[in-house]
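Here the structure comes first, spelled out in structure tokens, and everything after it is commentary.
The values are calculated or read from the model by the stated rules, or taken from the named source; none is laboratory data. Note that the structure is a prediction, hence the values are computed from the model and not measured. Using ideal geometry, Cβ is built from the backbone for each residue, glycine included, and neighbour counts are taken over all protein chains shown. SASA here: full protein model, heavy atoms, side chains in, ligands and nucleic acids out. Shrake-Rupley method; radii C 1.70, N 1.55, O 1.52, S 1.80 Å.
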Amino acid sequence: MAKQKTTVGTINNETLAFTAGRDVELDHALITVDCVGTAAHVTMLSKMPVEPALITAEEREQVIAGLVEIIALARDDKFKIKLADQDVHLAVERTLTKKLGDLGKKIHTCRSRNDQVAVDLRLYAKEQLLFTLEEAAALVAALVGFGKKHEKVPMVGRTHMQPGMPSSVGLWATAHAESLLDDCVALVNAYELNDQCPLGSAASYGVPLPIDRQLTSDLLGFGRPTHNVLYANNGRGKMEGIVLSAMSQVMLSLSRLAQDFMLFTMPEFDYFKLPAEFCTGSSIMPQKQNPDVCELVRAKASRVKAAELGVYDLVKGAPTGYNRDLQEAKELFMEGIATTRSCLRILAPMIKETKVNKKALIDGFTPDVFATDRALELVGEGMPFRDAYHYVKENLHELESIDPSEAILLKTHLGAPLGLDWDYFKGRTNAVKETVREERKAFHRAVSKLLGVKYPAE
Ligand code: ARG
């Protein structure tokens, strides 16, 4: 049977392909962060208080230069991970060894691929969470802008999908915005838990040399190192699950928003009109303008949840310490994040261009929608609420068509159609943007200092 020589032993070809799995493709997304992680590790090794030095300051410079070259190649999509490499980690080591000889063989001192991939995924998650927060804030801004623009446009408020009480387009749009703002809190929580450096935990049990895990963590701009080295490895999978659970909350919000759009753009409602360029046609029915974007957002919410559950299932029975099963979480993790981000990005411009049909919204009102308002009016005249309730229920025919635009003007308390605090939405949105700006700046500063070149390169 054909065999292949690899950096870590000779492996049967089939076994190599089977065990490397999709890593050979997926790890392309980790090349840069892998190099960044190695830069921090090698820098820490070069500062270790041992004689002779594991890596000298000069050697460190050479390694960093090699890593910077690889990062540039990756940016142009020119760094190749081969099947014989198995993954990005050994591809980088092979490349550095080819360039630097024996020095390349030293970079893996006091490290395992287990803590290496764990740190790669955390660095990857850090950047992806910041992008996600940025895109979520943009969608919130689009929804709030839509709500503000149509603040006083009446809309039948429904429960059980049946007409309930007078409401407004502003209330509807900002309900979805506020949901997403809460999801941003979940994303930030995930960000904070992710912000711990597992490097130095090695295979799962640390190393018998005085490595400085705090230094590595600081060099990478992490908030702190994970403490227990075994947990650093057990935390892989768990961390992906936490991130995906925040992503799936985002998708829950998006799916419901998408569902509302599908309902309210049906010709029978005709409340909203999606921009034609965000709809797709039919190959047979010439008149069609289908809300495929919304349908796919709804479907993708299921996929992101499935990714979260998939990761959960992979780790829930995993024995302590590193297990190769964890490799299977990578695809679910990356796909779940990419899917969520693509949904956030497609909806923001769609909402900005969505038209509101005020006439259809007002025509949607029937007198019964004012039943509760009328009961409360009677309460104002001194009738006990339950009596007013029964009176209106028995005399629904007495309800006249009130002007819905007038009706919503009475709802001025906190969070009601005319009590929406636009500064509240702005404040929370700006806080998200500020977190992104600050965290990104600190991360870029740390990595630029570590590499001695601007990160990310322009
Ligand atoms: N590609 C592997 C993963 O994602 C890297 C770690 C391999 N470690 C090992 N002990 N075989 O988990």
| field | Residues of type aspartates and glutamates that K148 reaches as a straight line, Cα spacing below 13 Å, ignoring anything fewer than 8 places off in the same chain | value | D421, D423
| remark: By the C-alpha gyration tensor axes a ≥ b ≥ c (rounded if a/c is under 1.5, else prolate when a/b exceeds b/c, else oblate), the shape of segment 190-235 is oblate
| message | So if I take the centroid of the Cα atoms in segment 60-75 and the same for segment 435-458, what is the distance between those two points in Å? | response | 16 Å
| message | Given R₀ = 25 Å, what would the calculated FRET efficiency be for D313 paired with Q259, taking r from the Cβ atoms and rounding to 0.05? | response | 0.40
| Those residues of segment 202-226 whose amide nitrogen sits under 16 Å from the label point placed on E51, 7 Å along Cα→Cβ | none
| If one computes P(r) from the Cα atoms of segment 6-94, what percent of pairs lie at distances over 15 Å? | 62 percent
| message | Rounded to the nearest 20 debye, what is the charge dipole size of the chain about its Cα centre when +1 sits on each Lys and Arg Cβ and -1 on each Asp and Glu Cβ? | response | 1380 debye
| field | Hypothetical label at L399: residues of segment 351-378 whose amide nitrogen lies under 14 Å (7 Å Cα-Cβ projection) | value | 364-378
| In sequence order, what are the phi-derived ³J(HN,Hα) couplings for segment 100-114 according to the Karplus relation 6.51 cos²θ - 1.76 cosθ + 1.60 with θ = phi - 60°, rounded to whole Hz, with x for glycine and proline? | 10, x, 4, 4, x, 6, 8, 5, 8, 4, 6, 9, 10, 5, 5
| request: Provide, as a two-decimal number, the C-alpha radius of gyration of segment 156-306 over 2.2 N^0.38 Å, N being how many residues it has. | output: 1.56
| said: Please compute the modelled spin-label separation between K78 and A306, points set 7 Å along Cα→Cβ, answer in nm with one decimal. | reply: 3.9 nm
| field | Computed helical MRE - 222 nm, the chain, DSSP H runs ≥ 4 contributing -39500 (n - 2.57), nearest 500 | value | -20500 deg cm²/dmol
| remark: Dividing the mean separation of Cα pairs under 8 Å (6+ apart) by the residue count of segment 13-157 yields a relative contact order in percent of 29 percent
| field | Burial ranking of peptide ranges 44-53, 446-455, 84-93 (average Cβ count within 10 Å, highest at the top) | value | 84-93, 446-455, 44-53
| task | Quick one: net charge around C184, please, counting Lys, Arg +1 and Asp, Glu -1 for every other residue with C-beta under 11 Å from its C-beta. | result | -3
| remark: Checked against a 19 Å limit on the C-alpha separation, the offending pairs among K330/K449; K149/K426; K149/K433; K152/K411 are K330/K449; K149/K433
| Using bins 10 angstrom wide from zero, how does P(r) for segment 378-458 break down, in % of all Cα pairs? | 14, 20, 19, 12, 12, 10, 9, 5
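Could you tell me which of the pairs K3/K105; K273/K393; K47/K238 are separated by over 25 angstrom between their Cα atoms in the structure shown?
The answer is K273/K393; K47/K238.
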| Largest first, what is the accessible-area ranking of H390, H41, H413 with a 1.4 Å probe? | H413, H390, H41
| note | Phi angles of segment 61-70, converted by Karplus (6.51 cos²θ - 1.76 cosθ + 1.60, θ = phi - 60°) into ³J(HN,Hα) in whole Hz with x for Gly and Pro, give 4, 5, 5, 4, 4, x, 5, 4, 5, 5
| task | Would you please classify the overall shape of the chain from the alpha carbon gyration tensor, given that a ≥ b ≥ c denote the square roots of the eigenvalues, rounded means a/c under 1.5, and beyond that prolate means a/b larger than b/c while oblate covers the rest? | result | prolate
| task | Could you list which residues have their amide H under 5 Å from that of N12, counting only those 5 or more apart in sequence or on another chain, with H placed in the peptide plane? | result | Q4
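Round to a whole number: what % of the accessible area of segment 87-168 belongs to carbon and sulfur, probe 1.4 Å?
Here it works out to 55 percent.
Using a 1.4 Å probe on the protein heavy atoms, what percent of the accessible area of segment 363-433 belongs to carbon and sulfur?
It is 56 percent, rounded to a whole number.
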| field | Sequence-distant residues sharing a close amide H with V153 (under 5 Å, placed H) | value | V169, G170
| said: With only alpha-carbon atoms in the gyration tensor, what are the semi-axes of the equivalent ellipsoid for segment 274-353, in Å, largest first? | reply: 37, 13, 8
| request: Decide, for segment 316-450, between rounded, prolate and oblate: order the square roots of the alpha carbon gyration tensor eigenvalues as a ≥ b ≥ c, take rounded if a/c falls under 1.5, and otherwise choose prolate if a/b is larger than b/c, else oblate. | output: prolate
| task | Assuming 1.306 mPa s and 10 °C, estimate D for segment 47-111 with Stokes-Einstein, Rh taken as the Kirkwood radius over Cα pairs, in µm²/s. | result | 126 µm²/s
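Relative contact order for the chain: what is it in percent, counting Cα pairs under 8 Å that are at least 6 residues apart?
Values: 668 pairs, mean separation 81.3, N = 458.
Relative contact order here is 18 percent.
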| Local charge sum around R122 (other residues, Cβ-Cβ under 11 Å, Lys/Arg +1, Asp/Glu -1)? | -3
| remark: Filtered hits (lysines, Cα-Cα < 18 Å from K99, offset >= 8 within chain) -> K78, K80, K82
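Which percentage, to the nearest 5, of the DSSP beta bridges contained in segment 147-266 is antiparallel?
The answer is about 75 percent antiparallel.
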| query | Taking the Cα-to-Cβ direction at F18 and at A338 and moving 7 Å from each Cα, how far apart do the two end points lie in nm? | reply | 2.6 nm
| message | Based on alpha-carbon centroids, what's the gap between segment 94-148 and segment 154-175 in Å, whole number please? | response | 42 Å
| message | Just the number please: accessible area per residue for the chain, 1.4 Å probe, all protein chains included, in Å². | response | 48 Å²
| field | Between segment 217-280 and segment 4-23, the alpha-carbon center distance in angstrom | value | 34 Å
